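Here the structure is laid out as structure tokens; the discussion comes afterwards.
The values are calculated or read from the model by the stated rules, or taken from the named source; none is laboratory data. It should be emphasised that the depicted structure is a prediction, and the values quoted were computed from it without experimental measurement. So basically every Cβ, Gly included, is an ideal-geometry build from the backbone, and we count neighbours across all protein chains shown.
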Ligand SMILES: Cc1ncc(COP(=O)(O)O)c(C=O)c1O
């Protein structure tokens with residue numbers, strides 16, 4: 001235990017040492033700071049769906065409004081049923097979360113005690129660090145390979161205290177993807193060496209952006225291995241980020257443990273109703289994937305034209321290398337009303353993460369970036385200097 005500076009509160013050291021999550025800058029902040037109108041701001045910072053929420057979900061919310069005087073269904077029966085039937089698993093295998101972030105937290109709450117260790121990759125989702133540290137567990141951060149997970153090195157890094165491994169597929173903030181064979185091999189090796197001592201969270205928040213032919217059949221993995229939790233999100237391709245809803249699929253021993261540490265009513269009534277509608281809205285999902293695919297190409301072509309290295313992405317964002325002046329470039333973009341995500345805190349100080357927007361938003365961003373780079377690095381970009 002430790003005292004917080006200038007304070008008599010006595011708190012666990014692992015909590016006082018925690019660095020909070022850094023979210024994308026909200027549009028309202030930019031409006032206040034730079035005197036812009038909200039409609040002048042383009043936000044490509046939080047991997048949100050540029051189409052907004054599906055109309056089907058909006059209708060479901062309108063219908064559910066009348067029930068808000070009561071608590072939501074504590075077991076989330078209808079939503080769990082919809083998820084379970086989509087994946088052909090028993091209802092008892094589904095855990096609902098306040099965003100898929102909640103699933104990551106629930107697994108760490110259920111499994112970790114201070115002194116345990118958690119393995120995750122360098123340049124992966126920052127919540128793995130928080131979920132580890134908040135439990136007083138030790139971080140084993142494994143160097144990335146080509147900006148993605150090095151599963152062999154992650155396997156080798158597992159020690160006697162390791163209880164949990166986080167694998168993001170696709171990964172955030174780099175957008176890299178691990179094919180099914182690599183994940184299956186990792187799980188096989190893990191089971192052969194450690195049995196059920198080590199649990200894997202396969203975080204698939206961006207799964208729906210992957211070409212269906214390439215997707216990992218992660219539910220088949222759940223059926224085969226009792227030490228894996230697959231987590232999915234309604235915040236990205238389903239367009240429901242503001243409602244906070246996600247889910248995990250795992251076999252009952254793990255599901256039951258998560259149920260013990262879950263906050264009652266962790267998924268609100270509107271989120272449950274909207275998620276059911278979105279889950280069935282195949283047209284919206286297809287449209288989300290299509291808009292993302294063309295928008296991603298637009299961004300990648302823009303980066304190529306500017307001579308900027310980028311990491312080929314399987315998600316709804318692209319990581320682009322703008323150089324040592326990344327923070328200045330970010331600041332200049334903000335002044336022009338464009339919000340992207342600096343990722344220095346993730347160990348990538350020369351890079352920016354840009355979420356895929358609508359065609360017009362991507363074009364506004366690329367034009368702003370061209371101007372900003374020309375001002376910041378005139379020697380590098382003579383050919384794109386504004387006339
Ligand atoms: C890899 C990854 N996992 C999980 C999440 C959590 O998303 P949510 O809680 O909105 O479902 C995110 C959000 O950006 C993410 O990038």
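Which of the residues spanning segment 25-76 are touching a strand residue (DSSP E or B) at 6+ places or on another chain (Cβ under 8 Å) and at positive phi?
The answer is 47, 76.
Each row is one residue, and each column tells you yes or no for (1) within 16 Å of the ligand (Cβ to nearest atom); (2) assigned by TED's automatic domain parsing to the domain that holds residue 247; (3) within 28 Å of residue 200 (Cα to Cα).
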| position | (1), (2), (3) |
| --- | --- |
| 38 | no, no, no |
| 43 | yes, no, no |
| 63 | no, yes, no |
| 68 | no, yes, no |
| 79 | yes, yes, yes |
| 89 | no, yes, yes |
| 110 | no, yes, yes |
| 131 | yes, yes, yes |
| 137 | no, yes, yes |
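Report the residue count in segment 62-74 for those that are modelled with pLDDT of 95 or more and in a loop (DSSP other than H, G, I, E, B).
Qualifying residue count for the region: 6.
What number of residues in segment 246-284 are over 23 Å from residue 224 (Cβ atoms), surrounded by 24 or more Cβ atoms within 10 Å (Cβ to Cβ) and in contact with a strand residue (DSSP E or B) (Cβ under 7 Å, 6 or more places away or on another chain)?
So the count comes out to 1.
Could you check segment 75-93 and list, in sequence order, the residues that are closer than 20 Å to residue 270 by Cα, part of a loop (DSSP other than H, G, I, E, B) and in contact (Cβ under 8 Å) with a residue 40 or more places away in the chain?
Within segment 75-93, just 76 meets the criteria.
Just give me the residues in segment 195-205 being more than 13 Å from the ligand (Cβ to nearest atom) and not in a loop (DSSP other than H, G, I, E, B), in sequence order.
Within segment 195-205, 199, 200 meet the criteria.
What helices (runs of 4 or more DSSP H) lie completely within segment 206-323 and have 2 or more residues being within 20 Å of the chain's Cα centre (by Cα)?
Answer list for segment 206-323: 218-224, 269-280, 282-305.
If I ask for residues that are surrounded by 15 or more Cβ atoms within 10 Å (Cβ to Cβ) and either modelled with pLDDT under 95 or more than 16 Å from the ligand (Cβ to nearest atom) (or both), which ones from segment 162-184 would you list?
162, 163, 180, 182, 184
What tally of residues in segment 206-230 results from selecting those that are touching a helix residue (DSSP H, G or I) at 6+ places or on another chain (Cβ under 8 Å), within 16 Å of the ligand (Cβ to nearest atom) and over 18 Å from residue 88 (Cβ atoms)?
Final tally of qualifying residues: 1.
Out of segment 91-108, which residues are more than 16 Å from the ligand (Cβ to nearest atom) and closer than 23 Å to residue 186 by Cβ?
93
Among (1) closer than 24 Å to residue 55 by Cα; (2) in contact with a helix residue (DSSP H, G or I) (Cβ under 8 Å, 6 or more places away or on another chain); (3) not assigned by TED's automatic domain parsing to the domain that holds residue 92, where does residue 318 come up short?
Failed condition: (1).
Return yes when residue 278 is under 21 Å from residue 49 (Cβ atoms) and within 15 Å of the ligand (Cβ to nearest atom) and no when it is not.
Yes, satisfied.
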